[in-house]
Amino acid sequence: MKYFKAALFTITLLSVYKPSITYAQQNLFNIPSGDITNNKKFFYQHQLNFYTDKIESKSHLVYGLGKGWDAGINLVGKGVNFSPSWKLLHNDNPQKGPLYPVLMGSIQKQFRITEKIEFNPGLQIGYNLSNKVKNKEINYFAYGVFSYHLTESFKIVAGGYKTNNMYVGKGITYGGMFGYELKVAKRWYLVTDWVTGDNDGSVLVMGGTVSVSKRVQLCAGWQVPNINTPKPMAFVFELNLFGWNIM
């Protein structure tokens, strides 16, 4: 909780900045951003989590369907262990934690409530990539998030989620999600998100984003697990590729 209070304090100090947010991304770090991919355009996001003994990978390819809809494909849980020896990440035994890698389809719809508030329900669902059919299990992540544009430069995201233990391992399978985007300069943003609970996905990530070109962003942050969450701390790197100009 002390990390979350620190993030809120950072928001308060920097909320005096007034440049406008002109980009959209499918996730902040680990939670939905409340944005929708532009109609008939693609968006790609690739995230790498660096731990002391392994690298985890998550990728999202999304296509804008128009009228507030987008859909895509997510590949979660790829990566490699490099300690004590090198091997590809793989688990199809639920007794050893969440199943991975997992290939999931995604669908999301945005409803505009007011000029400053939107509501986005969404669903990600799929199977782990086991070689044996009997080991395949349904994984899902359902959510609903509200996004509130306090100013042209500052957006808060809050909502809830429901998932299953096959996807997030042991622990509670529901909880809250909170985050923010804050533009502090022409190309620079502060980004933080937090997932409540004690499952494998219940972490806080604090970091930032820089637009390196009209269609490319680089993001970096530090992951802090909640109490009783099995995830260790990690450095998080993210690449965002847009099918349209964001600057």
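Below is a table of values for the structure above.
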| quantity | calculated |
| --- | --- |
| Hits in the stretch 6-46 (condition: at pLDDT below 95, more than 21 Å from GLU118 (Cα to Cα) and out of contact with any Ser or Thr (no Cβ under 7 Å at 6 or more places or on another chain)) | ALA6, LEU8, PHE9, THR10, THR12, LEU13, LEU14, VAL16 |
| Tally of residues being among the basic types (Lys, Arg) and either exposed (fewer than 14 other Cβ atoms within 10 Å of the Cβ) or at pLDDT 90 or above (or both) across the stretch 126-141 | 2 |
| Residue match in the stretch 191-198 (condition: closer than 27 Å to THR37 by Cβ and aliphatic (A, V, I, L, M)) | yes |
| Condition check for VAL224: in contact with a Lys or Arg (Cβ under 8 Å, 6 or more places away or on another chain) and closer than 20 Å to LEU182 by Cβ | no |
| So ARG187, is it touching a Gly at 6+ places or on another chain (Cβ under 8 Å) and of a type in the set (Lys, Arg) | no |
| Test result for LYS78, at pLDDT below 95 and either closer than 27 Å to VAL216 by Cβ or of a type in the set (Val, Ile, Thr) (or both) | yes |
| Residue in the stretch 65-75 that is surrounded by 15 or more Cβ atoms within 10 Å (Cβ to Cβ), closer than 25 Å to MET233 by Cβ and of a type in the set (Phe, Trp, Tyr) present | no |
| Residues that are among the charged types (D, E, K, R) and surrounded by 14 or more Cβ atoms within 10 Å (Cβ to Cβ), drawn from the stretch 114-125 | GLU118 |
| Residue among ASN93, ASN128, ASN135, ASN120 that is touching a Ser or Thr at 6+ places or on another chain (Cβ under 8 Å) and either among the β-branched types (Val, Ile, Thr) or over 15 Å from ASN30 (Cα atoms) (or both) | ASN120 |
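The values are calculated or read from the model by the stated rules, or taken from the named source; none is laboratory data. Note that the structure is a prediction, hence the values are computed from the model and not measured. Heads up, the Cβs are rebuilt from the backbone with ideal geometry, glycines too, and the neighbour counts pull from every protein chain shown.
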